């Protein structure tokens, strides 16, 4: 040919007309612009009026309070925090605590949910009924009630610190939480991590080479002895050469509580268990629906190829089911994140509890604090759903849909 | 969720009303025929509902006295139970006319919340409660303890100050309501429960075995508890302020629920002024001449209310202490009604 395709005329104006004006054409666009202007004007009026009114009532306004020192303490912080830090730091502490319980909750909920779904689909009568019972019992009871149950029932069953249950005098369990030895970094840590990273990278390279050989030339290579040597042997050798990467600080009873070691507070445990078991019941149903949506001919096709039931599920059914599962699964992840705000009932210091709760009542700046808190939840939700959309898009693409 | 609703209504009230701070509270209440009073979610002696839903307590008596003075009926009150966190937002948004909910008077609350304290109903101080079995005799022995507290209170701030000042470590577990905090304390999650000392005595009654718990002798803060009203309505501020002073004045003059009618017949000039048989002090406040009579008939004088709710005549049995009249070594002192 030799002649490039003619460039299409610029579409921007036309697109704009279609998007805003619809069938009404440019008139429609004008109407939309006027409408937008009116909305903006109303918003401006409301905000400036609110500001004037707050001022005349002498209610403090603005975000200056974020620089003031908070002067209250929080019992679980992922970043260093003390009472003399600012309200902004409280905000960060709250966000991190919310993220911690959400992420851990989502992981557990997904694992339990998939497990229960497979139970319900099992041909074994007992196993499938147990799965069914779990779903019906858990999803029909209010979440707040379940969280309180996990908190108060579990607390009541645990002993006081002085009578802790202990495992090898290293891990302690009592009504202040689980106390485990905390690792302290030693000089050998860097070498150890480098060796581990090297092992992982080399193993991955080996795996991709093995797959290439398998699909390209039909030669199966046994790589696991090499991988084992790389992942275990290499770090072991560096440990011998450079000394141990970490030593452990063991918890010891001192006064009322344990000193040393890392403590997982019971509020975190109760909230995570409550949120993940509850959400898992819904996820189980979503997964079951997704798997059942795959035509049973696919299962039969798998068997006729000589694949085991597990392999058929893993290689044929689940990838197709994921297309159906991902969108409602995203909803459940978002629900779990938002439900984590029930933390306030059991004293877990999440964002709502420490920032929209304590900080709000200490400063009285309800509007600013609630706007910030809502903004954070919105951002977390949007980010989660963006990640899930990308995942869903990749699945659809790999299935050629 | 209540907090979000309150904050939204505050935002709407602030954003949409043209003159939010107009001085209309008294008229609004009279038109409505009902006083809206913010109280606690259940603190025996201060404000708590019985099994029939009747509210009693010293904070409740302040509400009843105001309703009696304004509406001539101490029962025309809508009680709004509020957590420590929600109380100020409820007042700012106009959901309640007065907040009478064991609230500590501090300079930051007086200046930044768009509200004013009208006086002191109860002089309190923060203390600690522990299990007797821990064998602790002083708050200074509490190093490394876990402490349960209600969130959004001055208590939480004093706690941080006290442990820091005494170089002690502690773990704080903050709960949304006092009941949740007490439940966690009782289940052994904390070694210590801290609150205003009046609240400690009240909460101890809720425990399964009150005798197993002891309140430590240290009082670590000043907690003057009093009612609050919104900024911008001076007449309403005066009414709430003088209702409390009227109760104290009645005790100073020996006017009681029983003898108030008789006292009204007296011709001592001071009694005539206070009880409205002479002059128009009540009308100057925007009330009626017999406003003090109404108040005393409804709830009695300050001492009667104290005894009935928290003092000798109640299960709490708290001594008058700082809350005695100034003439008897306490701090309760009313400016003259004249």
Query raised in the report: Kirkwood Rh over Cα pairs of the stretch A:46-202 into Stokes-Einstein at 25 °C, 0.890 mPa s: D in µm²/s?
Result: 112 µm²/s
Requested in this report: Between residue A:56 and residue A:18, take the C-beta separation as r, use R0 = 41 Å, and let me know the FRET efficiency to the nearest 0.05.
Outcome: 0.30
Query - Relative contact order computed over chain A (Cα-Cα under 8 Å; 6+ residues apart), in percent - result: 21 percent
Report summary line: Stretched fully, the stretch from residue A:304 through residue A:215 gains (0.36 nm per residue minus C-alpha distance, one decimal, in nm) 29.8 nm
Report task. With the convex hull built on the Cα atoms of the stretch A:51-114, state its orientation-averaged projected area in nm². Result -> 6.7 nm²
Report task. Kindly provide the helix-only [θ] at 222 nm of the protein assembly as shown, computed as the sum of -39,500 (n - 2.57) over DSSP H runs of four or more divided by all residues, to the nearest 500 deg cm²/dmol? Result -> -16500 deg cm²/dmol
**Report entry** Label-point separation, residue B:138 to residue A:48 (7 Å along Cα→Cβ), nm
**Finding:** 6.2 nm
**Report entry** Residues A:333, B:123, A:226 arranged by fewest to most Cβ contacts within 10 Å
**Finding:** A:226, B:123, A:333
Query - Modelled FRET efficiency - R0 60 Å, residue B:261 with residue A:38, Cβ distances, 0.05 increments - result: 0.40
Query raised in the report: With no solvent and one point per C-alpha, what does the Debye sum give as log10 I(q)/I(0) for the stretch A:3-86 at q = 0.13, 0.21, 0.24 Å⁻¹?
Result: -0.74, -1.01, -1.09
Requested in this report: List the pair-distance distribution P(r) of the stretch A:183-251, using every Cα-Cα distance, as the percent of pairs falling in each 10 Å bin from 0 up to the bin containing the longest distance, rounded to whole percents.
Outcome: 21, 35, 24, 14, 6, 1
Requested in this report: Evaluate the Debye formula for the stretch A:243-326 with equal point scatterers sitting on the alpha carbons, no solvent, and hand back log10 of I(q)/I(0) at q = 0.12, 0.23, 0.25 Å⁻¹, in q order, two decimals.
Outcome: -0.64, -1.07, -1.13
Report task. Compute the length gained on full extension between residue A:399 and residue A:153: take 0.36 nm times their separation in residues and subtract their Cα-Cα distance, giving the result in nm to one decimal. Result -> 83.9 nm
Requested in this report: Would you mind giving the average projected area, over all directions, of the Cα convex hull of the stretch A:108-172 in nm² with one decimal?
Outcome: 6.7 nm²
Query raised in the report: Tell me, Kirkwood radius of chain A from alpha-carbon pair distances, in Å?
Result: 26.9 Å
Report task. Could you tell me whether the stretch B:209-273 comes out rounded, prolate or oblate from its Cα gyration tensor? Rule is a ≥ b ≥ c as square roots of the eigenvalues, rounded for a/c under 1.5, then prolate if a/b exceeds b/c, otherwise oblate. Result -> oblate
Query raised in the report: What percent do you get for the relative contact order of chain B when only Cα pairs under 8 Å and 6+ apart count?
Result: 21 percent
Report summary line: Under a Gaussian network model of chain B whose springs join Cα atoms within less than 10 Å, the largest fluctuation of B:39, B:172, B:98 belongs to B:172
Query raised in the report: Using the C-alpha gyration tensor of chain B, what are the square roots of 5 times its eigenvalues, in whole angstrom, with the largest one first?
Result: 35, 25, 17
Query raised in the report: Do you know the relative contact order of the stretch A:126-247, to the nearest whole percent, from alpha carbon pairs under 8 angstrom that are 6+ apart?
Result: 25 percent
Query raised in the report: Which percent, nearest 5, of DSSP beta bridges in the protein assembly as shown are antiparallel?
Result: 70 percent
Query raised in the report: What FRET efficiency would be calculated for the residue pair residue B:278, residue A:84, taking the C-beta separation as r and a Förster radius of 51 Å, to the nearest 0.05?
Result: 0.30
**Report entry** Percent of C-alpha pairs per 10 Å bin, the protein assembly as shown, short to long
**Finding:** 2, 11, 17, 19, 18, 13, 9, 6, 3, 1, 0, 0, 0
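Quick note: the coordinates plus some simple rules give every number you see, no bench work behind them. Just so it is clear, the structure is predicted and the values come from calculations on it, not from any experiment. In this analysis, Cβ positions are derived from the backbone assuming ideal geometry, glycine residues included, and neighbour counts consider all displayed protein chains.
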